[in-house]
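Down below is the structure, laid out as structure tokens.
The values are calculated or read from the model by the stated rules, or taken from the named source; none is laboratory data. Keep in mind that what you see is a predicted model, and the values were worked out from it rather than measured. Cβ placement follows ideal geometry from the backbone for every residue including glycine, while neighbour counts extend to all protein chains displayed. Surface accessibility is based on the protein's heavy atoms, side chains included, excluding ligands, DNA and RNA. Shrake-Rupley method; radii C 1.70, N 1.55, O 1.52, S 1.80 Å.
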Amino acid sequence: MTLAAAQHGFLSPTGVEIAFLLVGLATFGAALVTVTTRQLVHAALWLVVTLGGLAVEYLLLTAEFIAWVQVLIYVGSVVVLLLFGLMLTKAPIGRSPDADSGNRWAALVVAVASAAALVWVVVDAFRTTWIDLDGAAAGTTKVTGESLFQNWVLPFEALSVLLLAALVGAIVLSRKAKAVAATAAQAREARGGQAAEEGAR
């Protein structure tokens, strides 16, 4: 354990640690609202708050580059992509009771199990690691870029392909819905014309 870790413990937190805890609680609350609200647009907007809170957490951990990437890519691109997908598929703007599949308890169990596994992995991996917030910045562009494009380049590109597939899928679904609606309208007009002819006879 370093000198910075020995100077204070959990019973004497610094201002940065208190701010980190408060922002984390606010982010957790926004995440809960994101997955529990029945309005899709509201869920997307609360997702902006959640991702923004994560960006603030990265700033407090002296990872400025990751924080700005979080804002530019996730808040500025992913959420915009979700909103465009909602508009292209003509999703309902108001409350959507039919959006609940009825598997809420199963989803809750899976979410809690996934969160517990993630927390256990992170705690086990960084149990003895201490970040000196008063020292040199650890999340510089050089260090992060080397780690991202050397060790994580495949997941990075896979995420890009996944987002592109989601956008293309939204466009395809929107065009299919328009084609079905047009066919139904033509069928109704044809039936109406036939009924008018029979009535005239």
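The distance between label points at residue 188 and residue 21 comes to 6.0 nm (points 7 Å beyond Cα on the Cα→Cβ vector).
Apolar share of the accessible surface for segment 24-93: 81 percent from carbon plus sulfur atoms, 1.4 Å probe. Each peptide in 19-27, 53-61 was scored by the mean count of other Cβ atoms within 10 Å over its residues; highest first, the order is 53-61, 19-27. Can you give me the C-alpha center-to-center distance between segment 138-168 and segment 44-68, rounded to a whole angstrom? Using only Cα atoms to place each centre, the spacing works out to 17 Å. Between residue 160 and residue 111, residue separation times 0.36 nm minus the direct Cα-Cα distance comes to 15.2 nm.
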